[in-house]
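K.L.:
Have a look at this one.
The values are calculated or read from the model by the stated rules, or taken from the named source; none is laboratory data. What you are looking at is a predicted structure, and each value in this text was computed from that prediction instead of being measured. Note that we place each Cβ from the backbone using ideal geometry, even for glycine, and neighbour counts take in every protein chain shown.
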Amino acid sequence: MLNGRYKGQTIGSGTHVWKFDEDMKTGKMTAEDCEFAESCMSRSIGHCMTMGTASTMACMVESLGLTLSGASAIPAADSRKKQMAQLSGRRIVEMVKEDLTIAKILTREAFENAIKVNAAVGGSSNFIIHLTAIAGRIGVNLKLEDFDTLGSKIPLLLNLMPSGKYLMEDFYYAGGLPVILNELKEHLHKNIVTVTGKNHHDNITGNTDCYNEDVIAKYDSPIKSEAGCVVVKGNLALNGAVMKPSAATPALMKHKGRAVVFESIEDYNKRVDDPDLDIDETCVMVLKYVGPVGYPGMPEVGNMALPKKILQKGIKDMVRISDGRMSGTAYGTAVLHVSPESAIGGNLALVQNGDMIELDVELRKLHLDVADEELEKRRKNWTPPKPATDRGYVSMYIKHVMGSDKGADLDFLQGSSGSLVTRDSH
């Protein structure tokens, strides 16, 4: 969409929804003002103009080499979008003649490039889910740890909400993804084919000028020195969990706090704003049963809004942990995609109010300070939740969906040869 405008300020779809919600809770904004602001936020055709999941996916497919150069940042309302569609259609016909198939483009090197580009643009944590699933379907062995080892040290170059202050329209005017690719040229695989039949370097030749360095920073003078998603592990996430440091609070990157547990999203919605909720800003909010199996489809509820009484104290962020996802438009110190998820018996299911939880991003650590013996005792008393349904597509999904660390894809769709992945891949 085109940039949102409200009372003299530029506002971003999604990102400002969370901010306006906080303002309503604290009395800084009325419901009527929020409703009007939403209409100002969505003033054209198109998807979220922040670096939400949609914009992240657009950048992802361009960095993978699956679109013509420069396609990802063009606003939907811009006439050049139609021009790009026309050129894409023509090129597809030529690709058929050349037998240039998707399997020839989606190599391991292409995936590695995409991971690094995602870090540089401050892309959504949902990128990890989607790219892992795509890799699984094409037959490329991509592991959760790859996102950390390849992307976590890449600097943030794009000053765009929720990690910065600008929007996708500004990104396009500043030069778009070709500028980012040029800044990363020493860190990307060079000789990989794209839909043009050429590599990225050839595709962007003559289109690498940056027209606003406040929007797109130089590699040597980045907005943040390290920006990619990180993977944390420990007894609370044996297969890993992810977080997005560029949208989090630096002071919370190392934190130990008392768990305040919500047993379901319904439990959270019911109690989060209860003035008697035993919580303060040092606590760790824990949400269970919102993973691929537990809340079929793994919705974007991991960026739990803070309790009203915490917001009224002026606190804007707390550590939040769940096996769910969060919108790419969201921000905050949210540990997401905890795997194994609680619904299949992951240790997240065993967390109780008052347990101490330690997060140390530098050490890539997520630890529940409860003895193994106590966890085993709790496990014996744990009852798996009843499936949402026992028939139809949802039942099939529950039975075959893999863990978030595997892309939350269906096991029978994995592998270019159609080979099955066993259920215990959770």
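K.L.:
Is it the case that the stretch 291-306 has a residue that's out of contact with any helix residue (DSSP H, G or I) (no Cβ under 6 Å at 6 or more places or on another chain), surrounded by 22 or more Cβ atoms within 10 Å (Cβ to Cβ) and of a type in the set (F, W, Y)?
P.N.:
Yes, the stretch 291-306 contains at least one residue that is out of contact with any helix residue (DSSP H, G or I) (no Cβ under 6 Å at 6 or more places or on another chain), surrounded by 22 or more Cβ atoms within 10 Å (Cβ to Cβ) and of a type in the set (F, W, Y).
K.L.:
Which one of these does N235 not meet: (1) touching a Leu at 6+ places or on another chain (Cβ under 9 Å); (2) without any contact (Cβ under 8 Å) to a residue 40 or more places away in the chain?
P.N.:
N235 satisfies every listed condition except (2).
K.L.:
For A334, state whether it is out of contact with any strand residue (DSSP E or B) (no Cβ under 7 Å at 6 or more places or on another chain), assigned by TED's automatic domain parsing to the domain that holds I279 and either crowded, with 22+ Cβ neighbours inside 10 Å or of a type outside the set (S, T, N, Q) (or both). Even if it seems obvious, please write down each step before you answer.
P.N.:
Working: out of contact with any strand residue (DSSP E or B) (no Cβ under 7 Å at 6 or more places or on another chain): no; assigned by TED's automatic domain parsing to the domain that holds I279: yes; either crowded, with 22+ Cβ neighbours inside 10 Å or of a type outside the set (S, T, N, Q) (or both): yes.
It is false that A334 is out of contact with any strand residue (DSSP E or B) (no Cβ under 7 Å at 6 or more places or on another chain), assigned by TED's automatic domain parsing to the domain that holds I279 and either crowded, with 22+ Cβ neighbours inside 10 Å or of a type outside the set (S, T, N, Q) (or both).
K.L.:
If you don't mind, another one. When the stretch 370-381 is examined, which residues are found to be surrounded by 13 or more Cβ atoms within 10 Å (Cβ to Cβ) and assigned to a loop (DSSP other than H, G, I, E, B)?
P.N.:
Correct list: V370 only.
K.L.:
So if I check each of A251, A227, which one is hydrophobic (A, V, I, L, M, F, W, C) and assigned to a helix (DSSP H, G or I)? Lay out the reasoning, then the answer.
P.N.:
Values: A227 fails: assigned to a helix (DSSP H, G or I).
Going through A251, A227 in turn, just one is hydrophobic (A, V, I, L, M, F, W, C) and assigned to a helix (DSSP H, G or I): A251.
K.L.:
Residues that are among the aromatic types (F, W, Y) and not assigned by TED's automatic domain parsing to the domain that holds A241: find the helices (runs of 4 or more DSSP H) completely inside the stretch 145-220 holding 3 or more of those. So that I can check it myself, show each step before the final result.
P.N.:
Values: elements: 168-174, 177-183, 200-204.
Counting at least 3 such residues, we get 168-174.
K.L.:
Within the bounds of the stretch 221-238, is there any residue that is of a type in the set (D, E, K, R) and over 19 Å from K406 (Cα atoms)?
P.N.:
First, pick out the residues of the stretch 221-238 that are of a type in the set (D, E, K, R): 224, 226, 233.
Going one step further and asking which of them are over 19 Å from K406 (Cα atoms), we end up with 224, 226.
Among the residues of the stretch 221-238, at least one is of a type in the set (D, E, K, R) and over 19 Å from K406 (Cα atoms), which makes the answer yes.
K.L.:
Now for a different question. Listed residues Y173, Y166; which is in contact (Cβ under 8 Å) with a residue 12 or more places away in the chain and out of contact with any helix residue (DSSP H, G or I) (no Cβ under 9 Å at 6 or more places or on another chain)? Give the derivation first.
P.N.:
On the way: Y166 fails: out of contact with any helix residue (DSSP H, G or I) (no Cβ under 9 Å at 6 or more places or on another chain).
Just one listed residue meets the conditions, Y173.
K.L.:
Looking at the stretch 194-225, which of the residues that are touching a Gly at 6+ places or on another chain (Cβ under 7 Å) and among the aliphatic types (A, V, I, L, M) is nearest to A247 (Cα to Cα)?
P.N.:
I223
K.L.:
Do you know which residues across the stretch 382-395 are of a type outside the set (G, A, S) and either touching a Gly at 6+ places or on another chain (Cβ under 7 Å) or assigned to a loop (DSSP other than H, G, I, E, B) (or both)? First the steps, then the outcome.
P.N.:
Quick first cut of the stretch 382-395, residues of a type outside the set (G, A, S) only: 382-387, 389-391, 393-394.
Of everything in the stretch 382-395, those that are of a type outside the set (G, A, S) and either touching a Gly at 6+ places or on another chain (Cβ under 7 Å) or assigned to a loop (DSSP other than H, G, I, E, B) (or both) turn out to be W382, T383, P384, P385, K386, P387, T389, D390, R391.
K.L.:
Given the condition within 13 Å of the chain's Cα centre (by Cα), among the hydroxyl-bearing types (S, T, Y) and in the same structural domain as A371 (by TED's automatic domain parsing), answer yes or no: does some residue in the stretch 247-255 qualify?
P.N.:
Kept after step one, since they are within 13 Å of the chain's Cα centre (by Cα), are these residues of the stretch 247-255: 247-248.
Then keep just the ones that are among the hydroxyl-bearing types (S, T, Y); that gives none.
No, the conditions are met nowhere in the stretch 247-255.
Let's see how each residue does on (1) of a type in the set (V, I, T); (2) touching a Lys or Arg at 6+ places or on another chain (Cβ under 9 Å); (3) within 20 Å of S55 (Cα to Cα):
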position	(1), (2), (3)
V140	yes, yes, no
K165	no, no, yes
T194	yes, no, yes
I216	yes, no, yes
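K.L.:
Strands (runs of 3 or more DSSP E) wholly in the stretch 255-360 with at least 1 residues that are closer than 29 Å to M51 by Cβ and free of Cβ contacts under 8 Å to residues at least 12 places away in the same chain - which ones?
P.N.:
Numbers: elements: 284-287, 319-322, 334-339, 356-360.
Because the criterion is at least 1 residues that are closer than 29 Å to M51 by Cβ and free of Cβ contacts under 8 Å to residues at least 12 places away in the same chain, no strands (runs of 3 or more DSSP E) in the stretch 255-360 meet it.
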